[in-house]
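The structure under discussion appears below in the form of structure tokens.
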Amino acid sequence: MLEKLSHIGIAVKSIEEALPLYRDILGMKLTEIKEMPERSLRVAFLELDGTIMELLEGTGPESAISKFLEKRGGGVHHLCFKVSEIDGALQTLSEKGIRLIDKQARVGAEGNPVAFIHPASTGKVLMELEQD
């Protein structure tokens, strides 16, 4: 079902405070910072040898990232995996008893269809599926 790891999402209080570590010290390339006001979210996209990391910053107390930071603090938020056909993957997971956050795909930060799997079904790891 899964094709490859797409990216790793990291929850941060401030992209500006986190960037010096990832970009300047670790040497990852900052490719874009995207504002997503409809989700109260800012996303910094970093790349290292084809691996993508997203730094996720909540821009309001109602955002999912702000709530995550309040409960758990910063750190790994989710793993995202590429799938060839997201609707079929969601149907298969649902049929196998996997709890889904998104029963239908929605548009993700990169403009592709995405859907999240509930961490209750994945050993407490939030997983995202993404279709190109």
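The values are calculated or read from the model by the stated rules, or taken from the named source; none is laboratory data. Just so it is clear, the model here is predicted, and its values are computed rather than measured. A quick note on method: Cβ atoms are made from the backbone with ideal geometry, for glycine too, and the neighbour counts reach across all protein chains shown. Side chains included, ligands, DNA and RNA excluded: accessible areas come from the protein's heavy atoms. Shrake-Rupley method; radii C 1.70, N 1.55, O 1.52, S 1.80 Å.
The figures follow:
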read-out	value
Residue in the range 105-126 that is in contact (Cβ under 8 Å) with a residue 40 or more places away in the chain and outside any loop (DSSP other than H, G, I, E, B) present	no
Selection within the range 1-31 - within 15 Å of the chain's Cα centre (by Cα) and either under 16 Å from V107 (Cβ atoms) or part of a strand (DSSP E or B) (or both)	K4, L5, S6, H7, I8, G9, I10, A11
Tally, over the range 70-104, of residues that are in a strand (DSSP E or B) and free of Cβ contacts under 8 Å to residues at least 60 places away in the same chain	1
Selection status of F45, open to solvent by less than 50 Å² (accessible area, probe 1.4 Å), assigned to a strand (DSSP E or B) and in contact with a strand residue (DSSP E or B) (Cβ under 9 Å, 6 or more places away or on another chain)	yes
In the range 118-132, the residues that are surrounded by fewer than 13 Cβ atoms within 10 Å (Cβ to Cβ) and out of contact with any His (no Cβ under 8 Å at 6 or more places or on another chain)	A120, G123, K124, D132
Near pairs, Cβ below 8 angstrom, 6+ apart or cross-chain, from the range 46-69 (among the aliphatic types (A, V, I, L, M)) to any residue that is loosely packed, with under 15 Cβ neighbours inside 10 Å	L46/K29; L46/T31; L48/L26; L48/G27; L48/K29; M53/E47; L69/K13
